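Engineer: This is the structure I want to talk about, given as structure tokens.
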Amino acid sequence: MEIRSESVGLRSEKLGGSSPVIPRKRLQVWFIRVCSSILVWTCLVQLVAVGELWHPRFITNLTTRFSQIAGPLHVQVAVQPPPPLPPPRNYTSNGFLKVSCNGGLNQMRSAICDMVAVARLLNLTLVVPELDKTSFWADPSDFEDIFDVRHFIDSLRDEVRIVRRLPKRISKKYRHGVLEMPPVSWSNENYYLQQVIFPSFHFPLPLHFPWILAPQILPLFNKSKVLHFNRTDARLANNMIPLELQKLRCRVNFQALKFTPQIESLGHKLVHILHQRGPFMALHLRYEMDMLAFSGCTHGCKQEEAEELKRLRYAYPWWREKEINSVERRSQGLCPLTPEEAALVLQALGIDKETQIYVAAGEIYGSERRLAALRAAFPRIVRKETLLDPLELQQFQNHSSQMAALDFMVSVASNTFVPTYDGNMAKVVEGHRRYLGFKKTILLDRRKLVELLNLHQNGTLPWNEFTVAVREAHEKRMGQPIRRRVIPDKPKEEDYFYSNPQECLCEANNCDDLLGRGNSNSSSVP
């Protein structure tokens, strides 16, 4: 009995001693499960982050799936899938084309369109263009700060191969530099394509000999696989260019060059605010310090202001003309209208006093003092700085091209657009408005206006006669369909391609009906 009881006691001790083992194992199992769950979720978050980096639509699709599984807790908004990418063009590249654009936003925009067409013509691989950082504005913006670079590359891949930068193997090979040159202005496809022939001469050639100063471009790629165009403004002719290249220039301008989401979002907000307040006019008042210094126009300025503008003109070497007669320049219609002149012209054109006017410009020279007459005539003057919170514009401060992009969007969307000077922005906006259905664009005849303004201000021309004369002068200058003027051997005087890209505004079978039958060399100016 004692032995039995002892055995029973031993068994009970064993059972009692093993009881804490079971909970310990369960804790270990649960601990492993928790750690595994944390690890899995951490990996999932990392995968989502990587997916967002490489393909921003990944997270959108993922959240859409979760919302569908969870049920209709929120209202689902149908999002249109992006259009399929065009198939990439298969071609053997003749080399890499690097380009550095010069000038302001719209001068660079036109240059980019030209360089895409040149790359397509020569079967080149285009490196994403470099933007000007050394001009008067000293804007530090890169291409991807203004334009959607991914959209630019993808939307043109059926025409031109575009890369963000030179491949490393090419960069190493040309680490000491590549051949740089500015192409000849207003050149057609023959300049870029044809071989250079150097005949044998037994006498010295003059320095201006065209075969020496203007070698064709394509042969240069046979020697060097990389070429850098260090100036690209107006390097392709307005006219006598193959139709497919003209259409490609339009495609780049109107479709491929899309602003960044940040600029697009704020630009659309500006347009929405303006439309909520009613119809509005965009006035491109090009009365800014750089424009006045460059043109030498000092009408209405104080003596010290005129001296300041002259000093600025001499300080910048790329503004080659230094001594300028302001009165003569103004009489030729080569000066932007002053704010005071703009007020009189808008009144003469019959613009209602309560019209909402958006001033698309940088800082007006003379500030509010010079805007006083315009504001008195049209009290509903607004600017982006008065419509938006300063914090919204903070990201664009000291980036003149990004600020100009906002003005560009508003100008294109306005009910009426009036430029006071035919600079690059005025021309490119005019072309966009034609492309969108010939929206009303009042193209001021400054030479005629200066004559009428002088007569009115010296008391010779009464107000009633002044208004009649102004309206008659601009009856056919409202952005109506018209053929682009062609002046052989004088490309600077003919109509600019980007202000009236007629090849892209109509089909071949109805172009005559739309633009009006007649000679394309018509001297009428739109």
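Engineer: What pairs come out if I take residues in region 173-191 that are over 17 Å from residue 231 (Cβ atoms) and pair them with residues that are open to solvent by 60 Å² or more (accessible area, probe 1.4 Å) and not polar (S, T, N, Q) whose C-beta lies under 6 Å away, six or more apart or interchain?
Structural biologist: Short answer, once both residue conditions are applied: 188/240.
Engineer: Same structure, new question: Quick one: residue 471 ticks every box in (1) buried (at least 16 other Cβ atoms within 10 Å of the Cβ); (2) assigned to a helix (DSSP H, G or I); (3) touching a residue at least 60 places away in the same chain (Cβ under 8 Å) except a single one, so which number is it?
Structural biologist: Against the list (1) buried (at least 16 other Cβ atoms within 10 Å of the Cβ); (2) assigned to a helix (DSSP H, G or I); (3) touching a residue at least 60 places away in the same chain (Cβ under 8 Å), residue 471 comes up short only on (1).
Engineer: Step by step: first the residues of region 503-522, then only those that are open to solvent by 40 Å² or more (accessible area, probe 1.4 Å) and among the hydrophobic types (A, V, I, L, M, F, W, C), then the one that is modelled with the highest pLDDT. Which residue is that?
Structural biologist: Result: 514.
Engineer: Something else: Within region 103-202, considering only helices (runs of 4 or more DSSP H) that don't extend past its boundaries, which have at least 1 residues that are open to solvent by less than 10 Å² (accessible area, probe 1.4 Å)?
Structural biologist: So the answer is 105-122, 143-146, 149-155, 189-193.
Engineer: I need every pair where a residue in region 416-443 that is assigned to a helix (DSSP H, G or I) has its Cβ under 8 Å from the Cβ of a residue that is β-branched (Val, Ile, Thr) and modelled with pLDDT of 95 or more, sequence separation at least 6 or different chains.
Structural biologist: Going by the 8 Å Cβ cut-off, the qualifying pairs are 429/412; 429/441; 430/441; 432/412; 433/412; 433/441; 434/441.
Engineer: Take residue 340 and tell me if it is open to solvent by 20 Å² or more (accessible area, probe 1.4 Å) and modelled with pLDDT under 95.
Structural biologist: Here the answer is no, as residue 340 does not meet what is asked.
Engineer: Just need a number here: residues in region 414-443 that are over 15 Å from the mean Cα position of the chain (by Cα) and aliphatic (A, V, I, L, M).
Structural biologist: Summing the residues that are over 15 Å from the mean Cα position of the chain (by Cα) and aliphatic (A, V, I, L, M) in region 414-443 gives 4.
Engineer: Counting just the residues of region 412-460 that are of a type in the set (Phe, Trp, Tyr) and over 16 Å from residue 286 (Cβ atoms), which one comes out surrounded by the fewest Cβ atoms within 10 Å (Cβ to Cβ)?
Structural biologist: This residue is 438.
Engineer: Among the candidates 464, 500, single out the residue that is under 23 Å from residue 252 (Cα atoms) and modelled with pLDDT of 95 or more.
Structural biologist: 500 is the lone residue from the list that is under 23 Å from residue 252 (Cα atoms) and modelled with pLDDT of 95 or more.
Engineer: Can you work out which of the residues in region 377-398 that are assigned to a loop (DSSP other than H, G, I, E, B) and either among the hydrophobic types (A, V, I, L, M, F, W, C) or in contact with a Leu (Cβ under 8 Å, 6 or more places away or on another chain) (or both) is surrounded by the fewest Cβ atoms within 10 Å (Cβ to Cβ)?
Structural biologist: Applying the filter and picking the extreme gives 388.
Engineer: Kindly indicate whether residue 329 is of a type outside the set (S, T, N, Q), open to solvent by 30 Å² or more (accessible area, probe 1.4 Å) and either in contact with a strand residue (DSSP E or B) (Cβ under 9 Å, 6 or more places away or on another chain) or closer than 19 Å to residue 419 by Cα (or both).
Structural biologist: Spelling it out, residue 329 is indeed of a type outside the set (S, T, N, Q), open to solvent by 30 Å² or more (accessible area, probe 1.4 Å) and either in contact with a strand residue (DSSP E or B) (Cβ under 9 Å, 6 or more places away or on another chain) or closer than 19 Å to residue 419 by Cα (or both).
Engineer: Separate question: If residue 395 satisfies all but one of (1) at pLDDT 95 or above; (2) within 29 Å of the chain's Cα centre (by Cα), what's the number of the condition it fails?
Structural biologist: So the condition that residue 395 fails would be (1).
Engineer: Looking at region 264-291 only, could you name the residues that are closer than 20 Å to residue 345 by Cβ and either at pLDDT 95 or above or among the hydroxyl-bearing types (Ser, Thr, Tyr) (or both)?
Structural biologist: Hits for region 264-291 are 279, 280, 281, 282, 283, 284, 285, 287.
The values are calculated or read from the model by the stated rules, or taken from the named source; none is laboratory data. Since this is a predicted model, take the numbers as computed values, not measurements. With ideal geometry, Cβ positions are generated from the backbone for all residues, glycine too; neighbour counts draw on all protein chains shown. Remember, those area values only see protein heavy atoms, side chains included, never the ligands or the DNA or RNA. Shrake-Rupley method; radii C 1.70, N 1.55, O 1.52, S 1.80 Å.
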